[in-house]
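The next block holds one structure in the form of structure tokens; read it before the comments.
The values are calculated or read from the model by the stated rules, or taken from the named source; none is laboratory data. This one's a predicted model, so the numbers in the text were calculated from it and none came from an experiment. Cβ placement follows ideal geometry from the backbone for every residue including glycine, while neighbour counts extend to all protein chains displayed.
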Amino acid sequence: MAVRIWLVVLLALAMPGPAPAAEQLPAVARPRFQVGNQTLGSGTAFFLRVADEVGVAAVAAAHSFDMGELSQAREVEFQLGRSKQRVTVSSRLFAPPGRSFSAPGATLAEDYLIFALDLKPKGVRVLEPDRSGDDYTGERVRLLGVPASIPQNEDDIFGTIRKHEPGRIELVLDVPADLRGWGGAPVLRHPSGKVVGIVEAAWPDGDTLRIGAAPLDLVLPALQLPLSGGTGIPFASIQPPAPRQTKPASKSARAPAPRQKAPAPRSAKVQPAPKPRITATSAPVPDDAIAVSARRKPTGPADGDSLLGKAGALETELMIKIEHPTDGTIVGDANGVFLAGRALALLGEFKRFDVVFVLDTSGSSADMTGADINGNGIIGQGGLRGLFGKTDPGDSILAAEVMAARQILKGLDSRNTRVGVISFAGRAPAPPGTIVIGGRRGPAAITEEPLTTDFARVDKALGRILERGPDGLTNMAEAVDAGWQELTGIRGGLSTPDPDSEKIMLFFTDGQPTLPFDAMFEADNVRAVLRAAERARKLGVRIHSFAIGPEALEGPVAAVEMASRTDGYFTPVRHPGDLVEVIENVSFANIEEIEIRNLKSDALAKDVLTNADGSFSALVPVESGRNRIQVRARASDGSEAEAVVTVDYAPGAPPVRLPRELVGQRNRLLEKKLVELRRGRMEAERARTEETRKELRIEIEREREAARARAEEQRKQLDLEVLE
């Protein structure tokens, strides 16, 4: 009897289990296709029944595709989001293609593509459309998509429809969610599970997100009218849209536009992006400002490319706001018109920033930079040249860190930015029974000044660090932890938290981590930094790291990884004396370039200041009469946008009253211009200066690649596992 029972058990175990129920299968997939050596595609697709030989078609959002690229594709493969399992493939469009909702005159209802399938899909369930014709206002809905941070092929998010009108559905999610890659996701009526719309755009709505969707009932007619008698048309037949130029947004167009945070790379590596097509849109702005935004169509292969960050639109949006002067202002200053504004490629309206300077004050930061950092006409010497002393401590690496921080501070706008300061070093634990006399005591990382808009306090804190001087070892891990504690206001931080701010850590170091463990445990010290960086990443903190000098670049893995893991930028500074010059390239607003031009004279403004937070100011030469001044910005992802303001120049006209917060910016420009006049700088010298800066940028990139290679080798030597 026992033998028979065991045989039954073994037979049962050997028999194949039941197939998964249809409801357990995912309903969404990722479209991917090849153009040359590039794998392209983004967004989400789902499946509906149609009357062709396969019986099923795939539906996606038009804005997820570049039609020119799609026309070059042999086929589009649909994959499960996490397992990458192939679901089906398409080489044809089932119905005439729609167009992106951001195209001129386009609407959400037109933003769709329907793919004819070459193979019946496997491993997914086919959805059913809702054909009731009901008004969905107030109804519960369920969105299906591939989660960006959960290892599964499908996730769902619930919400409520707030508005249903011809051509548009608006709904609000129950909770905020990371919707990267959800463009084209189906909106299902709950509890029936039938499709009522296609996710197209999103923007902040209080503590959650408002979603703009295309009603499916406007897509259904296209399902009934297949091209070429049901066989569809090959992708090569697609006619790419004609190139468009950016135009200023109409003042009368005040409808809210979806917002998007500029895509941040998932590594510290900076890759040039293909130049996008540009569409101008309007956005709500104050009466005394002009704003123009531009969107970039998603083109990259990454699952999270372009769609949504924390919250926002389904495309990158670059915004420019001219705050001064207002349109139609009469100016009379012979120095030109003072212009000021901001450019941001970020989520939502012009964001607030919280920035923490983290300065390495370890003993090695007393080394000389080889440059006249304090401007006293003496270049400090150390070692033999300084007879084993330091001839000018004001030219040390620590002095360069402080000067660089002050340089950034000058350009920040206290109206939207708070700044804090942390110093770090640390001492090795004393052996049991040892009495330590002298040296730096207390925690390895010290909050010298919590986040504040009083920049004078920040400057004083930087002065105190310089006065106290270098001492101790290098506890990077504790410094990173102290940084995110201040930026988030939790776990003992002294700063008041701002949950809606962009959180930035500017981390300066001239060495490698030598704490919290003994220096012989190099790998453990690096792992401690990586764990701290992971904690920062989970709390939405971005770290931009600067490795200063040969020692830091000999073992840069900690500095490289803290930036990489938090979507920040790693900057190598081979020659410490270059730090102040290098810092001018820092931007956490994702802006690469600002160009200001008087369209009347076609002359570029030469006296321009651009700042890390995206703010800018300029003295623009003007001519008698009406002058149209154009501001053009280019974001780090290649997006471009422009804004134009009109002023009338009448020599001798009364001066224009400046807002108090802009007076300092104008004074900086006048001082800059005065210095240039005194030195008699000519255009040739400007060209030489720019050439020097280009060479410096090339050198930085070369050092960045070399440091990454050394970091990879160091990672192997230390056997550092990947920390998830």
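Would you mind listing the strands (runs of 3 or more DSSP E) fully within region 81-152 where at least 3 residues are β-branched (V, I, T) and outside the structural domain of S192 (by TED's automatic domain parsing)? So that I can check it myself, show each step before the final result.
On the way: elements: 86-90, 113-116, 140-145.
Where strands (runs of 3 or more DSSP E) fall fully within region 81-152 and carry at least 3 residues being β-branched (V, I, T) and outside the structural domain of S192 (by TED's automatic domain parsing), they are 86-90.
Filter region 170-184 for residues that are in contact with a Leu (Cβ under 8 Å, 6 or more places away or on another chain) and outside any loop (DSSP other than H, G, I, E, B); which is surrounded by the most Cβ atoms within 10 Å (Cβ to Cβ)? Break it down stepwise before answering.
Restricting attention to region 170-184, the residues satisfying the condition of being in contact with a Leu (Cβ under 8 Å, 6 or more places away or on another chain) are 172-173, 176-183.
After this cut, where a residue has to be outside any loop (DSSP other than H, G, I, E, B) as well, the list is 172-173.
Values: V172: 15, L173: 20.
Result: L173.
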Item to complete: Identify the residue in region 609-631 that is among the aliphatic types (A, V, I, L, M) and modelled with pLDDT of 90 or more and, among all such residues, is farthest from the chain's Cα centre (by Cα).
Response: V622
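So, of the residues in region 632-659 that are hydroxyl-bearing (S, T, Y) and at pLDDT 90 or above, which turns out to be surrounded by the fewest Cβ atoms within 10 Å (Cβ to Cβ)?
Taking region 632-659 as the starting set, the residues that turn out to be hydroxyl-bearing (S, T, Y) are 636, 639, 646, 649.
This time we only want the ones that are at pLDDT 90 or above, so: 646, 649.
Working: T646: 16, Y649: 22.
This residue is T646.
Considering only region 660-669, I want to know if a residue exists there that is modelled with pLDDT of 90 or more and over 18 Å from I594 (Cβ atoms). If you could, list the steps in order and put the result at the bottom.
Pass one, region 660-669, residues modelled with pLDDT of 90 or more: none.
No, region 660-669 has no match at all.
Only one residue in S423, S396 is within 22 Å of T514 (Cα to Cα), at pLDDT 95 or above, in contact with a strand residue (DSSP E or B) (Cβ under 7 Å, 6 or more places away or on another chain) and polar (S, T, N, Q), so which one is that? Write out each step before concluding.
Values: S396 fails: at pLDDT 95 or above.
Matching residue, one of S423, S396: S423.
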Fill in: Selection status of V126, crowded, with 21+ Cβ neighbours inside 10 Å, β-branched (V, I, T) and farther than 15 Å from G232 by Cβ
no
Practice prompt. Out of the residues in region 371-388 that are modelled with pLDDT of 55 or more and on the phi > 0 side of the Ramachandran plot, state the one that is surrounded by the fewest Cβ atoms within 10 Å (Cβ to Cβ).
Written response: G377
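Is it fair to say V586 is surrounded by 17 or more Cβ atoms within 10 Å (Cβ to Cβ) and more than 31 Å from the chain's Cα centre (by Cα)? Outline the logic, then answer.
Numbers: surrounded by 17 or more Cβ atoms within 10 Å (Cβ to Cβ): yes; more than 31 Å from the chain's Cα centre (by Cα): no.
No.
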Item to complete: Return yes when A563 is among the small types (G, A, S), more than 23 Å from D354 (Cβ to Cβ) and at pLDDT 85 or above and no when it is not.
Response: no
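Filter region 200-211 for residues that are surrounded by fewer than 22 Cβ atoms within 10 Å (Cβ to Cβ) and either free of Cβ contacts under 8 Å to residues at least 60 places away in the same chain or out of contact with any Gly (no Cβ under 7 Å at 6 or more places or on another chain) (or both) and give the result. Walk me through it before giving the result.
From region 200-211, those surrounded by fewer than 22 Cβ atoms within 10 Å (Cβ to Cβ) are 204-208, 210; that's our starting set.
Passing the criteria: D205, G206, D207, T208, R210.
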Worksheet entry | Residue under evaluation P298, criteria (1) surrounded by fewer than 24 Cβ atoms within 10 Å (Cβ to Cβ); (2) modelled with pLDDT under 50; (3) more than 27 Å from E661 (Cα to Cα), criterion not met | (1)
